[in-house]
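Okay, structure first, notes after.
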Amino acid sequence: MGVHDDRSQSKQQLRQYFLQRRQQLTIENWIHRSHQVCKNLRSMPEFQQARCILAFKSFRQEPDLSPLYNSDRPDRALTKRWGFSRCVGHELMWHYYQPGFTWTSGAYGIREPSPDWPMVDLSEVDLILVPAIACDHSGGRLGYGGGFYDRFLSRSELQNVATIGIIFAFAYCDHLPLQAWDQTLSFICTDLNWYARSLT
């Protein structure tokens, strides 16, 4: 934590640094850290109370959240509805997931829902798990640069929905360089712990 506290560094420099750190993880370490992320998420009241959660498929060694939505315990799996995004132009379209559904490969090589999956009713969403390259103490998020999540999270119907940035602990920073359009997150969850956004 606090590896980078230099706001003079560009977003692109930070992206390269943290992506390299993430991709240097061994498969065993990535799996272990991902399981710890899932364990910490399960301990959060926001996750426990949520009934409709928007999530993401792991890409480029992002934390793997599949143990949460592919539960081998039907009683646990049935307590929540899960939504996943599909890139359409410059926007994210969200579809409900059910075990057994077939994923497709999107324009960026990301596994995403088939267009025929049922569409998510955004009014039902009460938690959003947000992928990130890095996050900071104030809820700032470093993404891949396409602005997909910033545009999505700025929607008026989502302003009261809790958001959790999902990263490994080495990507939790003191400060990231942010622009006015960057959407801040409510919480950060890592393989070591979870944190509420600092307001100071």
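Candidates His175, Phe101, Ile128 compared by Cα position along the dipole of the chain: farthest toward the positive end lies Phe101, with charges placed on Cβ.
Summing Cβ point charges (Lys, Arg +1; Asp, Glu -1) relative to the Cα centre of segment 57-200 gives a dipole of roughly 120 debye.
For Ile27 and Asp116, the difference between the fully extended length at 0.36 nm per residue and the C-alpha to C-alpha distance is 28.8 nm. Roughly what % antiparallel, to the nearest 5, for the DSSP beta bridges in the chain? For the chain, the DSSP antiparallel bridge percentage is about 50. Only DSSP H runs of four or more residues enter the estimate; each adds -39500 (n - 2.57), and after division by the residues of the chain the mean residue ellipticity at 222 nm equals -6500 deg cm²/dmol.
Residues whose amide H falls under 5 Å from that of Arg111, counting only those 5 or more places apart or on a different chain, are Gly106, with hydrogens built in the peptide plane. Of the listed values [x] 207; [y] 171; [z] 124, identify the label whose number matches volume of the Cα convex hull per residue in Å³ calculated from this model. Matching the structure shown: [z].
The angle between the Cα long axis of helix 27-42 and the main principal axis of the chain comes to about 70°, on a 0 to 90 degree scale. In terms of its C-alpha gyration tensor, segment 134-183 comes out prolate, because a/c is 1.5 or above and the ratio a/b outweighs b/c. The chymotrypsin sites (Phe, Trp or Tyr not before Pro) found in segment 69-171 that occupy coil by DSSP, while having at most 12 further C-beta atoms within 10 Å, are Tyr108. Look at the alpha carbon pairs under 8 Å that are at least 6 residues apart: their mean separation over the length of the chain gives a relative contact order of 27 percent.
Within segment 107-160, the trypsin sites (Lys or Arg not before Pro) that combine a DSSP coil assignment with at most 13 other C-beta atoms in a 10 angstrom radius are Arg155. Rolling a 1.4 angstrom probe over the chain with all protein chains present gives an accessible area of which 50% lies on carbon and sulfur atoms. On a 0 to 90° scale, report how tilted helix 11-23 is relative to the longest principal axis of the chain, with both axes built from alpha carbons and the result rounded to the nearest 10. Helix 11-23 sits at roughly 60 degrees to that axis. Accessible surface comparison of Ile31, Ile133, probe 1.4 Å, protein chains only, largest first: the order is Ile31, Ile133. Each Lys or Arg adds one and each Asp or Glu subtracts one; over the other residues with Cβ under 14 Å from the Cβ of Trp117, this totals +1.
The values are calculated or read from the model by the stated rules, or taken from the named source; none is laboratory data. Please read these numbers as outputs of a predicted model, since none were measured by experiment. Cβ sites come from the backbone with ideal geometry, for glycine too, and all protein chains shown count toward neighbours. Remember, those area values only see protein heavy atoms, side chains included, never the ligands or the DNA or RNA. Shrake-Rupley method; radii C 1.70, N 1.55, O 1.52, S 1.80 Å.
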